[in-house]
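Colleague: The structure's right below; bear with me while I get my questions together.
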Amino acid sequence: MNSSWILLCFGLIAINLALVQPIPAHYDFDQNDSVSAHTPWKLPTPAQDVGDNRSFWAWEFYEAFWYLVDAYLLAIGNHCYIYIEDSVIAILGEEEATERAELYRDEFDTNIYPSVTDFAGNPNGTLGDIDGDPRIYILVIEHRQSYYIQTHENEGLHSNLCEMVYICYRTHNVLNTITHEFHHLVWFNYEFDEVHFILEGLAEYATHYAGYTPNHNMSTRVSDYINDINDSFIYFEVEAQDYGASYLFAFYLAEQYGVQFLRDLVQHEDDGAFGMETALNEAGHNISFNDLYLDWMTALTIDEPGFADDRYCLHDIDVTIQEYTTIDSLPYHESTVSLYTYGSKVYQITSPPDSFSVEMSQPADGVAGLSVAYRDAHGWHVQQMQKQGRAIMNVSGDSIVTAHVIASYLFAEAPMERYDFGPGPQETVQILVYERDEATSTPIPTMTNNDQLPLILAGGISVTIMITTLVLFLRRRTQNRE
């Protein structure tokens, strides 16, 4: 059973991969057993002391079962209890385990709690304080997964009846992870059905807001995404590039529309891309989700401030897309470009002419999205279009130095899906880039969705392409007769 299926089943689970080796399971109980049958399990008491021992329900992601974790309370803060699993204490030794617990307590009290609550709101949310104790339980476990499950707060068979997060002791950046999971706790205590590219994006941004993203504000997962931008942005596979994309998008939103806009998303009644589009319009920003996506892709491609109200750059993070195809000569034709929904492919034209055209065929179940960014004697320019059908963009400049073409597969309207796991839909399109001789006003050819190369008569065409076109045409005609 893979982790995506597990997340889909529970719905209210948010995780943060520790990227370490899996460990053996500890306890395996039948999910139909009654709680009273397991004597290690007990309700938390209002007053707790360092050294107290109790058991917590936990979820085994890889083999899909509930089990009990026996843990000791090693530090108490103004806003938290730090419990560490007994097996982790045995591995670390009591002294190191206590030092870690006290470090987590101090960071949570002085930085994580005030930063996340300022960014996302009070952890009580609309659910209220489940156990009547305002402190958050932080359970450091041996399991490789760090996560938050809202199920553990509500009354039920496997509830711990407290607000808590689970942190793998082997994760490389524990404070970052605590911040991420605590943000999930706050969000889920306001609403329960947001899609994951928004949930994870804001949880990742919370780590930046708390000061835990080193290397010039780069999330550790950003590099995975900028090398794989055809990964669907709105669908989630719980892979590193999904987190990197979501973080970059949240970062872009914060710079373009302010951190307050991200705060407002937590309690916005609509969800997903549609909810984000609605929230933007309610905040006075007249922009569609598709336009926002193309602007963001363009910013990640050129990262150039100083024009178009700085719409195509990120100020406080130095990152550009690393995955692109170089076009050394025109005409250029690619007949089978596989794109995931809200995935993209970037082309860089090394010696662009001053007049050229870009064509993209329509995805079978969506719209073609094009963004062309080019720099000429007058600076940078961006042209964009979305077309339900063949998209044709004509570009003209004055001594164009460089040009980038971004091809994207979009839906006609901002999607409203709640369950967003998996790779997402995939379509195959054609991309065509050619020099345009404006003096002859040659009509633009028809692009099809089959393998036949469109016949181009703009500014002259090589004999090779003409022969290829004829051969393909005769072959198709023969096939049709058969």
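Values in this text are rule-based calculations from the coordinates and carry no lab data. As the structure is a prediction and not an experimental result, all values here were calculated from the model. Glycine also receives a Cβ, built like all others from the backbone with ideal geometry; neighbour counts cover every protein chain displayed.
Colleague: For labels at residue 286 and residue 310 in the simple 7 Å Cα→Cβ model, what's the distance in nm?
Modeller: In this crude label model, residue 286 to residue 310 measures out at 2.4 nm.
Colleague: Relative contact order, percent, of the range 79-141 when contacts are C-alpha pairs under 8 Å separated by at least 6 residues?
Modeller: Worked out over the range 79-141, it gives 66 percent.
Colleague: While we're here: Can you tell me the FRET efficiency between residue 99 and residue 385 if r is taken as the Cβ-Cβ distance and R0 is 45 Å, rounded to the nearest 0.05?
Modeller: Using R0 = 45 Å, I get an efficiency of 0.20.
Colleague: Under the 0.36 nm per residue contour assumption, what length would be gained going from the current alpha-carbon distance of residue 260 and residue 303 to full extension?
Modeller: 13.1 nm
Colleague: Give me the distance in nm between label points sitting 7 Å out from Cα along the Cα-to-Cβ direction at residue 416 and residue 318, one decimal.
Modeller: Here the answer is 4.5 nm between the modelled labels.
Colleague: Let me ask something else about it. Does the range 172-271 classify as rounded, prolate or oblate by the C-alpha gyration tensor (a ≥ b ≥ c root eigenvalues; a/c under 1.5 gives rounded; else a/b over b/c gives prolate, otherwise oblate)?
Modeller: Because its axes are fairly even, with a/c under 1.5, the range 172-271 counts as rounded.
Colleague: Same structure, new question: Could you work out how much longer the chain between residue 325 and residue 348 gets when fully extended? Use 0.36 nm per residue separation minus the Cα distance between them, nm to one decimal.
Modeller: Full extension from residue 325 to residue 348 adds 7.7 nm.
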